[in-house]
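Data first, discussion second: the structure below is written as structure tokens.
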Amino acid sequence: MKPTTKAYIALIFICIVWGTTYLAIAVGVQSFPAFLFAGMRQFVSGIILMSVALIANKNKDLSTKNILRQMLVGFLMLTIGNGCVTYGEKTVPSGIAALICSIMPIFAVLINLLMSKKEKFNLLIGAGMLLGTLGVALIFRQNIKDLSNKAYLFGIFAVLLATCSWAMGSIVNKKNVDPVNPFFNSGMQLFFGGVFMLMLSPVVDDLHNLQMSTGSFWALLYLIVFGSVLAYAAYMYSLSKLPVGVATIYAYINPLVAVVLGYFVLHESLNIYTAMAFTAIVISVFLVNMGYRKQHKATVAEIENKAEGAFPETVPEVS
């Protein structure tokens with residue numbers, strides 16, 4: 001089988017599995033504290049991934065600088081990112097949580113625009129952000145009766161905070177352009193993210209009458225094996241063999257998988273507002289990504305022109 005074919009199989013696997021994790025989380029937290037549940041998942045996943053990474057590649061960067069970087073990324077992406085999503089799903093339907101999380105690229109672009117003077121705003125980015133905001137508004141519209149429920153609102157806030165924190169962690173992680181062993185680093189992120197969640201659990205969770213149901217146990221096992229270890233390895237493989245634009249297509253499919261599964265398995269509401277919110281958010285992410293790539297190319301071209309004495313090419317490049 002060709003490597004490209006394997007990469008597409010891995011991508012299909014990611015699209016399905018990462019879409020099912022929202023359902024598994026919802027099942028897991030029905031009878032078990034959220035941060036303790038997520039902390040156990042990431043702690044065990046981190047140990048497994050670090051062990052596999054060392055077997056495959058003995059090289060590792062255990063410098064203080066690298067360890068602190070992975071701790072920071074783990075805290076942002078997993079402790080706050082995954083932890084708050086898991087906490088939010090105690091009161092927010094899994095499909096709604098997935099739709100909110102799917103606007104993560106918009107947060108990432110917005111943070112980049114605010115942090116870097118080189119990044120520029122354009123019409124596509126603006127249209128995408130406006131449409132994404134409309135999509136989130138439609139989510140609130142379809143659950144307007146729940147807005148009086150403080151627990152539901154706090155859950156929505158937790159998922160939004162998680163999405164923003166995941167975007168920030170992704171930006172910090174991307175700055176490490178030449179890691180010695182990226183799989184080992186990812187394992188450290190999972191490990192430290194899990195450790196921080198376990199430390200926060202006594203503060204955030206209600207640990208009275210602690211007892212894990214059979215459903216929560218199987219959900220935890222599924223998330224460790226499929227949601228964290230196998231899916232992440234599959235994503236890294238597909239990313240190495242396919243164009244970034246193709247490898248990241250999962251971001252458009254995961255919310256649909258989560259919404260459909262939430263409807264059929266957990267009997268979550270599915271109506272015209274859900275469909276409209278999904279459509280608006282998917283198109284918004286596409287527009288923002290396209291606008292960001294367009295302005296990024298323009299910035300690179302401008303830098304190259306200045307480096308060459310600001311003499312533009314007279315013959316257009318053939319794409």
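The values are calculated or read from the model by the stated rules, or taken from the named source; none is laboratory data. Being a predicted model, the structure only gives us computed values, none of them experimental. As a convention, Cβ positions derive from the backbone with ideal geometry for all residues, glycine included, and neighbour counts pool all protein chains shown.
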message: Test of understanding: among Tyr222, Tyr252, Tyr237, which residue is modelled with pLDDT of 90 or more and aromatic (Phe, Trp, Tyr)?
response: Tyr222
- request: Working only within segment 27-47, note down all residues that are crowded, with 18+ Cβ neighbours inside 10 Å and either among the β-branched types (Val, Ile, Thr) or at pLDDT below 90 (or both).
  value: Val27, Val29, Val44
Residues that are among the hydroxyl-bearing types (Ser, Thr, Tyr), modelled with pLDDT under 80 and either touching a Phe, Trp or Tyr at 6+ places or on another chain (Cβ under 9 Å) or surrounded by 13 or more Cβ atoms within 10 Å (Cβ to Cβ) (or both), drawn from segment 270-319: Tyr292, Thr299
statement: Selection over segment 223-276 where residues are in a loop (DSSP other than H, G, I, E, B) and within 14 Å of Ala10 (Cα to Cα) yields a count of 4
field: In segment 3-26, residue surrounded by the most Cβ atoms within 10 Å (Cβ to Cβ) [restricted to those that are under 15 Å from Ile224 (Cα atoms) and aromatic (Phe, Trp, Tyr)]
entry: Tyr22
message: Looking at segment 71-98 only, could you name the residues that are more than 16 Å from the chain's Cα centre (by Cα) and buried (at least 24 other Cβ atoms within 10 Å of the Cβ)?
response: Val92, Pro93
- request: Could you pull out the residue among Ile25, Ile48 that is assigned to a helix (DSSP H, G or I) and farther than 27 Å from Lys241 by Cβ?
  value: Ile25
query: Can you tell me which of Ile156, Ile139 is at pLDDT 80 or above, among the β-branched types (Val, Ile, Thr) and surrounded by 17 or more Cβ atoms within 10 Å (Cβ to Cβ)?
result: Ile156
Complete set of residues in segment 240-278 that are of a type in the set (Val, Ile, Thr) and farther than 16 Å from Pro105 by Cβ: Val257, Val259, Val260, Val265, Ile272, Thr274
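Residue-by-condition table, conditions (1) within 29 Å of Ala24 (Cβ to Cβ); (2) assigned to a helix (DSSP H, G or I); (3) touching a residue at least 24 places away in the same chain (Cβ under 8 Å); (4) small (Gly, Ala, Ser):
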residue	(1), (2), (3), (4)
Ile67	no, yes, yes, no
Gln70	yes, yes, yes, no
Gly83	yes, yes, yes, yes
Ile100	yes, yes, yes, no
Leu114	no, yes, no, no
Leu124	no, yes, yes, no
- request: Would you check which residues across segment 173-205 are among the basic types (Lys, Arg) and part of a helix (DSSP H, G or I) and list them?
  value: Lys174
